[in-house]
Structure formats: C-alpha cells, structure tokens
1. Convert each backbone phi in region 218-223 into a coupling constant with the Karplus relation 6.51 cos²θ - 1.76 cosθ + 1.60 (shift: θ = phi - 60°), then list the ³J(HN,Hα) values in order as whole Hz, x for Gly and Pro.
2. Once the Cα atoms of helix 262-274 and of the chain are each reduced to a long axis, what angle between those two axes, in degrees from 0 to 90 to the nearest 10, is obtained?
3. When a/c reaches 1.5 or more, the comparison of a/b and b/c decides; with that in mind, is region 344-454 rounded, prolate or oblate per its Cα gyration tensor?
4. Between HIS179 and VAL158, 0.36 nm times their residue separation minus their Cα-Cα distance comes to what?
5. Please work out the FRET efficiency for the pair GLU452 and ARG68, using the Cβ-Cβ distance as r and a Förster radius of 30 Å; give the result to the nearest 0.05.
6. Of the listed peptides 355-361, 311-317, 240-246, 109-115, what is their order by residue-averaged count of other C-beta atoms within 10 Å, with the highest listed first?
7. Taking only Cα atoms of region 358-400, what ratio of Rg to Rh do you get with Rh as the Kirkwood inverse-distance radius?
8. I need the calculated FRET efficiency for the pair ALA30 and THR214, taking r as the beta carbon distance and R₀ as 60 Å, to the nearest 0.05.
Amino acid sequence: MTKKWLTMVVLAIPLWLGSLEAQDVTPTDAFAGWQAQAPRPELRPMFAVARTGAPDGGPALVVRHDAREGLDGCWTRNFPVNGGQWYAFRVLYRAQNVEVERRSVVVKIHWRDDQGRPVPLDEPAVAGYLVGHTPMAETEFPPTGPATASGWREVSGVYRAPSRAHQAIVALHLQWAPHGSVFWSLPSWQPTDPPLPRKARLAAVHFMPRNGKTPMDNCRMFVPWIEKAAQQKADLVVLGEVLTYVGLGKSLCECAEPVPGPATEFFGKLAAKHDLYIVAGLLERDGHLVYNVAVLLGPDGRLVGKYRKVCLPRSEIEAGLAPGKDYPVFDTRFGKVGMMVCYDGFFPEVARELSQRGAEVIAWPVWGCNPLLARARACENHVYIVSSTYSPPEANWMFTGVVDHAGEIVARASQPGEVALVEVDLNQRFRWVSLGDFKAYIPRHRPIQLPEPK
C-alpha cells in the first residue's frame, strides 16, 4: 500500500461518532486561509475537513490525535487588523475523548506587525517590567463557555489590537489528548465597539461590636457604618465574621440561627433601604448542625445566597461546628461574587475554587489572618478581595480593605470605625510581564487536580 493511498484511507475514517467523513487537509471555501500547523513534525496530529458536522450542518475543521502522548496541532489563520480597533472573536467547538478540555482545547490569539514580529503593548498599567524594558503584547486566551445540550461550546472574546499590530494570528489547538478529537466550526473575526466599563464600588467596614446583650444588638451596631458606606455610593459592603457572636459571652452554637432568619431579615432591610449588597458573617443552625457562614443580601432585601466555611480551625471544631462542602458564586448587578470566611484564606484552594467558578470579587469576613495571604489570594487568582476584620491595624494581623489583581491594597481602614472603599472596573484587564492577561491563562495552565492520596 502506497503512502498516498494510506493517507487517503486514514482521512476517510469516520471522525465524529461514526457519522462524519473527512475529506483532506485542504480547507474548503468555507475555511479559506486556514492552515494546519504543529510545533514539531513528530508532534503533528491528523488534520482534516469534515463535509458536515457544524451546528448549521456545514463543514468543520478537525484535529485528531492517535494514541501517542504529547501531540499538539492547530488550525491557524492570519486576520488583518488596524491598530487601536476593537475586534470580536468567536468560534464553536465540540470535543470527543478529551479528558481535560480546558487544557487541551485551546484558542490562542497572537498580535503581529506586518513582518510577522511581536508588537509592544500600549497600556502603561502593567506589572513586573524592568526600567527601560518594552512590555510586549502577549498571547490572548479567549475563555470557553458552557456546553450546549448538543455538546458544542463557544470560545469568544473582545480585544483591542495594539497600535502597532497589523495582523492577529488565531490558532485553534488540540494538545495533549491521546485518542481525542475536536471539531472547530463557524470561526468569526469582526470589528466591534469597545466594551463599556463595568464599575463597582467595593466597601468593607472595620468595626467590632462591643457591650451587646443579644445577637440582634450586635446587628444594630452596624447600622451607622452601612449608612456611611451608602453615602459613598457603595455597591457592596462587607461586614465582619460571626458578628452575632462577638462580645456576647455566649458560645458559638448559642448564637446560631436559621438562614434565612432574624439577622438576614435585618440586613436585608438595610440592603433594600440603601440599594446595595451586604455580606455579613453569621452562625447558621440547620437541624443539629451549626455552620460558620457568610451571607449575601441583595438590594431587593432578599437573601441572594450563603457560603458555609470549609476550613475550620481547631477552636471551631472543638466547639462542634461542621464544615461546608461547596463554593457557590452568585450573580449580582455588577458582577459575580464569591465568599470565604477567615481561616479559609490560609489555604489557596478556597479562593482558587471560587475564581474557577467565575468569582470576580471575593467577600471575606475574617477575624484575623496573615495579611500576606490576602494579597496572595488576590494576585494568584486575579480577583478583588474585600476583607472585613476585627484585628487592629497596628497588630499587622489582617486588615479591613480591598486588594486588587496585583495583590496591592487599594483601600484600607486605618482605625476602627472606618469604611474602606474603592471603585474598580471589572472589565479592565490587568497584565503581567511575559504573561499578559494572566487571569485568562489560569484555566489553560493550572495543574490537573489529582485524586486524594490514600
């Protein structure tokens, strides 16, 4: 059998659930300009164009791996761009036998000049650059959306072409997926309008209740500080941990109540009155179980959701509290909000799981913690951390304030009774040296989670 005949046989193998035929590696008119590439010849997978298979019944670009480890190949196309213009990219894909799609099915966008060379970055707000070093426009990684009922996913994003860019090279990869295959369909690259800013005013209250007699007494003590945050047009106000317990001389379990319950009703009314969101640290009783929780109340006065503290210190374990098991993230009118509580911040997994689920802001009622960990949780996930603590500033054992994507404290209460507040733009990308928009890299590059050791 000749090499040419063998190639024709391989390309005729049905590639998609036994129902699709691949023609050859020459793109059809629908995919004019697309080329098959691999980093090295020995890593090259099979490329083909399926006659049908796209959601609209049309053709699709195919990348298929055999049983070998480490294969990597992509379909690429160069799109002309005008520097400074915004562009919208979109493509659909459907994968088969791909174990970890976030790492294996990847779209990359490379900015190049008219000679195919990398171009400098326009934005001055970057971190990690040496004096005299020109920051470059690094590779973009568009995010992947959820799967539809038919198994297709959308990869899309909106990007501004650097001023010296003349072309964008789009690469549709399948990498590191033995026996896997992917169909790419309906790629689109179009000029568009720039995205509107998505501003949010994030606030944290530095206040510790004192001399209260009941849990509701403690709740009432927060009223003036919530009002102060509302006067500064806060969108989100974060209060302290287990605030219905502090200073009452009671046990943690004695201060527990249902959620929703009296405390959530009280803070819900304040949230509605001031047209903002409130996060409060409470103790929840659910049957025979007691949890350390953070609750989110919305501007309609209702309970948006709750988070049960996952990582418990020995004092809470000895008091009979139970750990939570989930990492919910909630939609608000300004963005996606996750919550964690105090000891959770000592461990990277909690903030990472919240960010993986889409959290852009993590509200953190925290009695005390190493402040370096607050900065680490923010910069390693490129999220905003909003912390409310009881620790005095001079103790250097946590602070009340806001940490940005770079791990910098951008708002901080200097003494008890203050409200720390800052306005941020959740649509603004933050870039690092040699990485660019690191937040977009995280799902593509973070390790695969291993099973628990036995």
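None of the figures in this text is laboratory data; all of them are computed from the coordinates on show. Every value quoted in this text rests on a predicted model; they were computed, and no experiment measured them. Glycine also receives a Cβ, built like all others from the backbone with ideal geometry; neighbour counts cover every protein chain displayed.
1. Ordered by residue, 3J(HN,Hα) equals 4, 4, 5, 5, 7, 4 Hz.
2. 70
3. Numbers: a/c = 2.37, a/b = 1.41, b/c = 1.68.
Oblate.
4. On the way: separation 21, 0.36 × 21 = 7.56 nm, distance 3.24 nm.
Additional length available on full extension: 4.3 nm.
5. For GLU452 and ARG68, the calculated efficiency is 0.50.
6. Numbers: 355-361: 20.7, 311-317: 14.7, 240-246: 24.7, 109-115: 16.9.
Top of the packing list down: 240-246, 355-361, 109-115, 311-317.
7. A ratio of 0.98.
8. That pair, ALA30 with THR214, gives E of 0.30.
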